[in-house]
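See structure below.
The values are calculated or read from the model by the stated rules, or taken from the named source; none is laboratory data. Remember, it's a predicted structure, so these values are computed and weren't measured experimentally. Note that we place each Cβ from the backbone using ideal geometry, even for glycine, and neighbour counts take in every protein chain shown. Side chains included, ligands, DNA and RNA excluded: accessible areas come from the protein's heavy atoms. Shrake-Rupley method; radii C 1.70, N 1.55, O 1.52, S 1.80 Å.
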Amino acid sequence: MEDPEFTDVIENITVPAGRNVKLACSVKNLGSYKVAWMHFEQSAILTVHNHVITRNPRISVTHDKHDKHKTWFLHITNVQEEDKGRYMCQINTVTAKTQFGYLHVVVPPNIDDSVSSSDVIVREGANVTLRCKATGSPPPSIKWKRDDNTKIAVTRNNSVVLEWEGDVLTLSRVSRYDMGAYLCIATNGVPPSVSKRIKVSVDFPPMLWITHQLVGIPVGYNVTLECNIEAHPTSLNYWTRENDQMIHDSQKYK
């Protein structure tokens, strides 16, 4: 009898988490020897011949029916990130024969809300730091942009940019013009990308201006007086005359 030999390499496989995968180990002249599959990094024996050794219910083993050449298939269902690593196919000859294949498991990004910022309310002139943490494999990159595509006034170098890269965005001495929704976008090349919308509200006292300080009108005519107000939160606005009494809706005033 000739010694058993591998007839092909184990292909390296890249698979998204949640999919099923099949690793193939091809052998000739196996005779009475046995083929085993192992997870090298975990030092775990998975299968020997037709038997599954591991208690992992997602692992199974099959082989084709040829006599001289057989291919042993290791099946992993619902692949998880911990399944990644080197898989060893071994023939139990006197000096064991082994070969390896690598399983890469990629995971789409996921933003971790527990360590990421939520909506914030600050006074005008204060500093704001927004954080966005994401998991995934490979590790995701983070970029920030404003929901309305206006520019971001970032602290570093006092620069104004459309996008900012990094998991921390710092805004110094915020003004009312910094108010709005900011998007944290996580990508790692594995679809889909994910985003989190963080609303920044900036409180500032009322500011008033009038278009016409003096309005002339003939007796008996109607007139409209205008007063423009900018404030956050929305201010309570009312009109008075010299007596400081609030003017209410009536036949004369609206």
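Figures for the structure shown
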read-out: Of the criteria (1) outside the structural domain of L46 (by the TED database); (2) touching an Asp or Glu at 6+ places or on another chain (Cβ under 7 Å); (3) surrounded by fewer than 16 Cβ atoms within 10 Å (Cβ to Cβ); (4) not hydrophobic (A, V, I, L, M, F, W, C), which one R86 fails; value: (1)
read-out: Close pairs from segment 88-99: first under 22 Å from N12 (Cα atoms), partner of a type in the set (S, T, Y) and open to solvent by 40 Å² or more (accessible area, probe 1.4 Å), Cβ under 8 Å, at least 6 apart; value: M88/T98; C89/T98; Q90/T98; I91/Y33; I91/T98
read-out: Pick from segment 68-87, criterion touching a Gly at 6+ places or on another chain (Cβ under 8 Å) and either in a strand (DSSP E or B) or among the small types (G, A, S) (or both), ranking: farthest from P57 (Cα to Cα); value: R86
read-out: Output for segment 156-169, where each listed residue is open to solvent by less than 50 Å² (accessible area, probe 1.4 Å) and either β-branched (V, I, T) or touching a Gly at 6+ places or on another chain (Cβ under 7 Å) (or both); value: V161
read-out: Positions within segment 10-36 being closer than 19 Å to V48 by Cα, out of contact with any Phe, Trp or Tyr (no Cβ under 8 Å at 6 or more places or on another chain) and of a type outside the set (D, E, K, R), in sequence order; value: V21, N29, L30, G31, S32, Y33, A36
read-out: Hits in segment 111-128 (condition: open to solvent by less than 70 Å² (accessible area, probe 1.4 Å), of a type outside the set (V, I, T) and closer than 15 Å to G180 by Cα); value: S117, E124
read-out: Verdict on A181 being loosely packed, with under 15 Cβ neighbours inside 10 Å, free of Cβ contacts under 8 Å to residues at least 40 places away in the same chain, out of contact with any helix residue (DSSP H, G or I) (no Cβ under 7 Å at 6 or more places or on another chain) and not in a loop (DSSP other than H, G, I, E, B); value: yes
read-out: Yes/no for Y102 being closer than 30 Å to P192 by Cβ, assigned to a strand (DSSP E or B), open to solvent by 30 Å² or more (accessible area, probe 1.4 Å) and not assigned by the TED database to the domain that holds E163; value: yes
read-out: Qualifying position, being open to solvent by 40 Å² or more (accessible area, probe 1.4 Å) and under 33 Å from the mean Cα position of the chain (by Cα), among H75, H51; value: H75
read-out: Filtered residue count, segment 192-226, keeping only those that are touching a residue at least 12 places away in the same chain (Cβ under 8 Å) and surrounded by 11 or more Cβ atoms within 10 Å (Cβ to Cβ); value: 15
read-out: Inter-residue pairs, beta-carbon under 6 Å, first under 13 Å from K97 (Cβ atoms) and in segment 19-45, second charged (D, E, K, R) and buried (at least 17 other Cβ atoms within 10 Å of the Cβ), 6+ apart; value: V27/K70; L30/K70
